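The values are calculated or read from the model by the stated rules, or taken from the named source; none is laboratory data. Predicted model only: the values in this text are computed from it and were never measured. All Cβ positions, glycine included, derive from the backbone under ideal geometry; neighbour counts span all protein chains shown. Side chains included, ligands, DNA and RNA excluded: accessible areas come from the protein's heavy atoms. Shrake-Rupley method; radii C 1.70, N 1.55, O 1.52, S 1.80 Å.
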Amino acid sequence: MKDLTLLNIRELQNGYLKGNFSPLEVIRAYLERIQKIDPKIKAYLSLNDQVLGEAKSLDPKKIKRQPLWGIPFAAKDLYLTKNLKTTAASKILENFIAPYESTVTKRMKEAGALLLGKTNLDEFAMGSSTERSAYQVTHNPWDLTRVPGGSSGGSAAAVAARLALVSLGTDTGGSIRQPASFCGIFGLKPTYGRVSRYGIIAMASSLDQAGPMSRSVEDSARVLEVISGFDANDATSSKKEVPQYSEFLNKSPKGLKIGLIKEFFTEGLDQEVKKAIQIAIEVLKKEGVEFSEVSIPEVKFGLSIYYILMPAEVSSNLARYDGMRYGLNEYYDSLLKTYQLSRGKGFGDEAKRRIMLGSFVLSAGYIEAYYILAQRARTALKKKFEEVFKNFDLLLGPTSPTPPFKIGEKMEDPLKMYLSDVYTVPVNPAGLPAASVPCGFVNNLPVSFQLIAPHFKEEKIFQVASAFEKLNPNATKEPNI
Amino acid sequence: MKDKITSKEIEHLAQLSRLDLSEKEKAKMTKDLSDILDFVSELKEMKVEKEKPFLFEDQINISREGEKLIDYDSEGYLKQAPKRERQFFKVPRILNQ
């Protein structure tokens, strides 16, 4: 029999319908592969030991009603899952078992999908390499000496190494797109409000968004159809109707206008990465896509806006880890000392740095100069994007300035690490949807371009990404693990 | 805007943040935060005085009826408590301190 881990969602479901194989066989194929390959990759923090039973108990009568019936998936260990540990890759939540389920994983399961396990991340999703996990370093499937990107590095590596068919990530400043790029897969950050954040451990609530990651563009479209839509438990989730994204997969991109963000193609961008993206642009031109350059000077300030607003929200969101109701507790006779010791011991360096920075930009005397200024700049950035989208259907740029870097390379200098998100970060303060689309290789390392769409226009991303994927000679290339 | 942060300010921020930091951590924090503040000071160049601070315009004052949407499993919550007594979380004394 053909290796079942090579099949996409549509192929698996066709096979199920014809009775060629069962969900149990598919889950077994994935578990065997995980056992064999994950010791080298270290994508998973924990496995769902109930998954075989769950596969067995799927009701065959529901296959036509459940859009993800029998589809194996992995979730970043930031999604709360009932009866299965959720750690956020932090020592402060080492043994935490959530008493409720995130809306997104709940919708996946209700659609018939099977959770294989929880994947590694930078602690509380703070990082760009997954090296800031308190538990393990995940390796890039294309080169084990390199990082998979982050913070959804485990989710990206699991999909790239075929240890899951699809996975769920979260993206606050690039945490889906940058690891997708580093691992050579497709990853989409939807519009802010498209997908419910309920039950996803919060980093920066006005920027966080959940999204799908997969080897094929089509699979992400099918997952997004399931996880999108209003949720009364997330006050910022949108009531806008959810389009059938998969209907846009075979639609020609002819006549679409794409703007090339001038500021994203200047110094700082690796020349080989630039070349690979230019080749991709030529491919799309032949399909009838119209390109022209557009300047968005505000994006140059994206990182600065982000590194004021995000820590401010982090300092407030992480205040809940006080060692009283759950999590690590260093019990002491005074309340204050208990807080300080529990948090001092439970949080890693990056979390501490962002909490401190957030406390600073929000403190009396500095809030105007930093936080309010950055919120004004955020308005200007969002307005500029909206103005530009009057003339363009999509915007295009690189996802990452470089191919994946070496493990350990950027750990000593936080600013160096932050700069690897320079092209992804500006999208989040504006709340726009954006995806990383694999387009080629530099020295056998994956390279991607990024597509940015107007609010709630994810279908345009699917339309162009899918058209490109069909013409990309590298689309079926596999890492040699 | 500042481009440096002093070790005294780090002490104060650690207090506000409820973080116990070692001397080594404080020294590294002083340097890292100064570097980051120096980097973000470029925001001064953006001419945004006339802009309003950001808001999600369509998402202000969202409220709903106070109806029960979720069945909370209180034992599931209490099980996570580092210290408990019967159906209570046990916490350090805060009065008389």
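What percent does the relative contact order of chain A come to when contacts are Cα pairs within less than 8 Å and at least six residues apart? The partial results should precede the final answer.
Details: 1107 pairs, mean separation 82.9, N = 481.
Relative contact order, chain A: 17 percent.
What are the ³J(HN,Hα) values, in whole Hz, obtained from phi via the Karplus relation 6.51 cos²θ - 1.76 cosθ + 1.60 with θ = phi - 60°, for each residue of region A:374-388 in sequence order, with x given for Gly and Pro?
5, 5, 5, 5, 5, 4, 4, 5, 5, 4, 5, 4, 4, 5, 4
Answer with one residue from A:PRO141, A:ALA74, A:MET417: the one whose Cα lies farthest towards the positive end of the charge dipole of the protein assembly as shown, charges on Cβ with Lys, Arg +1 and Asp, Glu -1.
A:ALA74
In Å², and per residue, what accessible area does the protein assembly as shown have when probed at 1.4 Å with the other protein chains present? If you can, show how the numbers build up before the last one.
Details: 23820 Å² over 578 residues.
Accessible surface, normalised per residue, equals 41 Å².
Given a 1.4 Å probe, show me the residues in region A:277-312 buried by at least 40 Å² of accessible surface when comparing the whole protein assembly to the chain alone.
Relative to the lone chain, where solvent access is computed with a 1.4 Å probe, region A:277-312 loses at least 40 Å² at A:PHE301, A:SER304.
Averaging over all projection directions, find the projected area of the Cα convex hull of the protein assembly as shown and quote it in nm² with one decimal place.
On the way: hull surface 105.8 nm².
Mean projected area of the Cα convex hull: 26.5 nm².
Which whole-Hz ³J(HN,Hα) couplings does region A:142-156 yield from phi under the Karplus relation 6.51 cos²θ - 1.76 cosθ + 1.60, θ = phi - 60°, glycine and proline marked x?
Karplus-based 3J(HN,Hα) across region A:142-156 equals 7, 7, 5, 8, 10, 7, x, x, x, 8, 7, x, x, 5, 5 Hz.
Quick one: what are the phi-derived ³J(HN,Hα) couplings along region A:248-258, Karplus 6.51/-1.76/1.60 with θ = phi - 60°, whole Hz, x for glycine and proline?
8, 6, 10, 8, 5, x, 3, x, 5, 9, 10
Buried accessible area for the A:B pair, summed, 1.4 Å probe, in Å² rounded to 100?
Numbers: alone 19090 and 10190 Å², together 23820 Å².
So the total buried area for this chain pair works out to about 5500 Å².
What trypsin sites (Lys or Arg not before Pro) does region A:27-130 have in DSSP loop regions with at most 14 other beta carbons within 10 Å? Don't jump to the answer; show the numbers that get you there.
Values: sites: A:ARG28, A:ARG33, A:LYS36, A:LYS40, A:LYS42, A:LYS56, A:LYS61, A:LYS62, A:LYS64, A:ARG65, A:LYS76, A:LYS82, A:LYS85, A:LYS91, A:LYS106, A:ARG107, A:LYS109, A:LYS118; in loops: A:LYS42, A:LYS64, A:ARG65, A:LYS82.
Answer by residue number: A:LYS64, A:ARG65.
Quick one: which bits of region A:404-425 get at least 20 Å² less accessible when the partner protein chains are in, versus the chain alone, with a 1.4 Å probe?
Buried by 20 Å² or more upon assembly, which counts only protein chains, are A:GLU412, A:PRO414, A:LEU415.
Carbon and sulfur: what percent of chain A's accessible surface (1.4 Å probe)?
50
Taking the Cα centre of the protein assembly as shown as origin and charging only Cβ (+1 Lys, Arg; -1 Asp, Glu), how large is the dipole, in debye to the nearest 20? Please report the intermediate quantities before stating the final value.
Working: 82 positive and 73 negative charges, 170 e Å.
For this selection, approximately 820 debye.
For region A:280-321 and region A:225-274, what is the separation of their Cα centres, given in Å?
Here the answer is 12 Å between Cα centres.
Determine the relative contact order of region A:17-90: mean sequence separation of Cα pairs under 8 Å and six or more apart, normalised by residue count, in whole percent.
On the way: 32 pairs, mean separation 23.0, N = 74.
31 percent.
Would you work out which of B:GLY76, B:LEU95, B:LEU16 lies farthest towards the positive end of the dipole of chain B, given +1 charges on the beta-carbon of Lys and Arg and -1 on that of Asp and Glu, about the Cα centre?
The residue sitting farthest along the positive end of the dipole is B:LEU95.
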